[in-house]
Amino acid sequence: MLIRAGRVSVDGRRRGDPETPVRLAKDRIEVDGNLLQARNKLYLMLNKPRGVVTTASDEKGRQTVYALLPENCAWVAPVGRLDKASEGLLLLTNDSEWSARVQSPGTHLDKTYHVQIGVVANNALIGKLQRGFPVSDGEFLHVKHACALRTGEKNSWLVIGLEEGRNRHIRRMLKALDIEVLRLIRIAIGPLQLGQLAKGSVRPLTAQEKKMLDHAMRQGRTAD
């Protein structure tokens, strides 16, 4: 271990005890005389295209979200996931604590989707989705809110909000009702909107967007 070997110094003094507390934001920490720099925290939003998988690598050789990031991008991890067939807003960060807060049910950050289905939506369908029902594996699922966005002769677009999204939550509910999902696009996480970000594009969150998300998470915890 580097510390026991005497290779680590804190504020110019060698430390041999791994239990010695340090203040990462204030103390000067060196290894073999080289200053450790604090890693810059990175918060990105990506408009994930359909057919791209949310993993670092894929055994089937499919394109992953990492292929869409700039070549010089620092390592980041997805905040949650979107399945291969789904599209839209995906956050990535190297701030694991922040990522856990975004995904925690306790922060009450709604995830909002536009979902195209292969039937004409009616009030009965909307009611079923909001009341909930057991799906094929017996798990009881419901959506927080749902409404028709627009309706054609043979299909419809729905707006669906989830407070706590389970694995393939919307798809499993609609499959249980024998309804085909034609497209599923996440358009918002809490107050953060996908907006006009082009498909396959990625950009950092603005300071205002990060602040807005953090505020929404604090408000959600306060509401418990």
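Every number in this text was worked out from the coordinates using simple rules, so none of it is lab data. This one's a predicted model, so the numbers in the text were calculated from it and none came from an experiment. No Cβ is skipped: glycine too gets one built from the backbone with ideal geometry, and neighbour counts run over all protein chains shown.
Numbers for the structure displayed
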item	result
Per-residue Cβ neighbour rank within 10 angstrom, fewest leading, M173, M212, M217	M212, M217, M173
Surrounding net charge for H145, when Lys and Arg each add one and Asp and Glu each subtract one, Cβ distance under 11 Å	-1
Gyration tensor verdict on the stretch 138-205 (Cα atoms; rounded if a/c is under 1.5, prolate if a/b is larger than b/c, oblate otherwise)	oblate
Length-normalised contact order for the stretch 99-224 - Cα pairs under 8 Å, 6+ apart - percent	35
Amide hydrogen neighbours beyond the local backbone of E87, cut-off 5 Å, H modeled	L184, I185, R186
Positive minus negative residues near A56 (Lys, Arg vs Asp, Glu; Cβ under 15 Å)	+3
